[in-house]
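> To start, I am sharing the structure in question, which I have written as structure tokens.
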Amino acid sequence: VMMQSKNAPEGKFQMTPDVVGQSAFKIATMAGISVPESTTLLIAEAATIGLGSPFSYEKLCPVLAAIRAKDFDECLDMGEALLRNGGLGHTSSLFCAPDEDSVIRRFNRHMPSGRVLVDMPSAYGAIGDIYNFHLAPSLTLGCGSTGGNSVSENVGPMHLLNIKNIVEKRENMLWFKVPESIYFKNGILGEALKDLRDAGIKRVQVVTDWPMVDLGYTNKVTDILSDYGIESNVFKDVTPDPTLTCIRAGVKSMESFHPDCIIAIGGGSPMDAAKIMRVMYEHPD
């Protein structure tokens, strides 16, 4: 199956051309091994990987090497060594239970290969569209920069096209939308909230945090709203960098109160939380 490479270090092997594409029975006969004619695969146990171990090289025939590992850690090291021995960037294959996500992630991180196949034969699985529908069907498999290639994908028609782009100078289309009325300066709060009364708002949800409540700013808003005959409901449990749990609690408060308007009091966290609460309240699906 393998022969010593010419002009290469001692122990460096290459394929014997005569075995490429031949059946397992014919290869066994060529090697002087007696096997049933129905034999489809020959497996040889190898003790090492690399120089001096001919079966740890690419063979392009139905002959596989079996290498024993004492645990999964050693298995990962052996898989990486096999790829670095003659398949950098190509393909690695793992057989495990489909729900062993941690095992799959470890294997993926460890293998320097462009394809990681799970629970499928690598020879056919890497081709694509046979055992999976994620890889493009191709017999030319890119190995990426790791393997000295320009792409790490299965090479298809799009990789063979020269695509020309015509690009004209354009300014980015940007916009910034602000409220029609912006109120500022001391004592303007009552005038600003009067807009809500004039717009017919009857129920206001206030979204804030405990510091704003403790400092009395929230009461300043709700007191004026009350004077204008506008009912208010205060959600004051916004946390710094609010989580979805916090957002959902605010939405639940809105669902029981049914506000016409939302007011956020405080810094970035209450304001951001109020925006997301409004979206989730108005679009629950």
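The values are calculated or read from the model by the stated rules, or taken from the named source; none is laboratory data. In this text the structure is predicted, and so the values were computed from the model without any measurement. Cβ: placed from backbone, ideal geometry, glycine included. Neighbour counts: every protein chain shown. Keep in mind that these areas ignore ligands, DNA and RNA; they rest on the heavy atoms of the full protein, side chains included. Shrake-Rupley method; radii C 1.70, N 1.55, O 1.52, S 1.80 Å.
> So which residues in region 37-82 are in contact with a Gly (Cβ under 9 Å, 6 or more places away or on another chain) and over 22 Å from ARG105 (Cβ atoms), if there are any at all?
Across region 37-82, the qualifying residues are GLY50, LEU51, GLY52, SER53, PRO54, SER56, TYR57, GLU58, LEU60, CYS61.
> Hey, among the residues in region 141-190 that are in contact with a helix residue (DSSP H, G or I) (Cβ under 7 Å, 6 or more places away or on another chain) and more than 16 Å from PRO112 (Cα to Cα), which one's most open to solvent (accessible area, probe 1.4 Å)? Lay out the reasoning, then the answer.
Taking region 141-190 first, the residues in contact with a helix residue (DSSP H, G or I) (Cβ under 7 Å, 6 or more places away or on another chain) are 151, 181, 183, 189-190.
Next, from what is left, pick out any that are more than 16 Å from PRO112 (Cα to Cα): 181, 183, 189-190.
On the way: SER181: 62, TYR183: 88, LEU189: 67, GLY190: 19 Å².
Among those residues, the one meeting the criterion is TYR183.
> Report, by residue number, each residue of region 159-208 that is among the aliphatic types (A, V, I, L, M) and either part of a strand (DSSP E or B) or under 30 Å from SER138 (Cα atoms) (or both).
Filtering region 159-208 for residues among the aliphatic types (A, V, I, L, M) gives 160-161, 163, 166-167, 173-174, 178, 182, 188-189, 192-193, 196, 199, 201, 204, 206-207.
Correct list: LEU160, LEU161, ILE163, VAL204, VAL206, VAL207.
> Something else: Out of the residues in region 125-134 that are open to solvent by less than 60 Å² (accessible area, probe 1.4 Å) and assigned to a loop (DSSP other than H, G, I, E, B), state the one that is nearest to ALA81 (Cα to Cα).
Step one: of region 125-134, the residues open to solvent by less than 60 Å² (accessible area, probe 1.4 Å) are 125-128, 132.
After this cut, where a residue has to be assigned to a loop (DSSP other than H, G, I, E, B) as well, the list is 126-128, 132.
Working: ALA126: 20, ILE127: 23, GLY128: 25, ASN132: 26 Å.
The qualifying residue nearest to ALA81 (Cα to Cα) is ALA126.
> Run down PRO137, PRO112 and say which single residue is open to solvent by 70 Å² or more (accessible area, probe 1.4 Å), touching a residue at least 12 places away in the same chain (Cβ under 8 Å), in contact with a Gly (Cβ under 9 Å, 6 or more places away or on another chain) and of a type outside the set (Gly, Ala, Ser).
On the way: PRO112 fails: open to solvent by 70 Å² or more (accessible area, probe 1.4 Å).
Selected residue: PRO137, the only one of PRO137, PRO112 that is open to solvent by 70 Å² or more (accessible area, probe 1.4 Å), touching a residue at least 12 places away in the same chain (Cβ under 8 Å), in contact with a Gly (Cβ under 9 Å, 6 or more places away or on another chain) and of a type outside the set (Gly, Ala, Ser).
> While we're here: For region 235-276, which positions are out of contact with any helix residue (DSSP H, G or I) (no Cβ under 8 Å at 6 or more places or on another chain) and of a type in the set (Asp, Glu)?
ASP260, ASP272
> May I ask you to list the residues in region 1-35 that are open to solvent by 50 Å² or more (accessible area, probe 1.4 Å), modelled with pLDDT under 70 and not hydrophobic (A, V, I, L, M, F, W, C)?
GLN4, LYS6, ASN7, PRO9, GLU10, LYS12, GLN14
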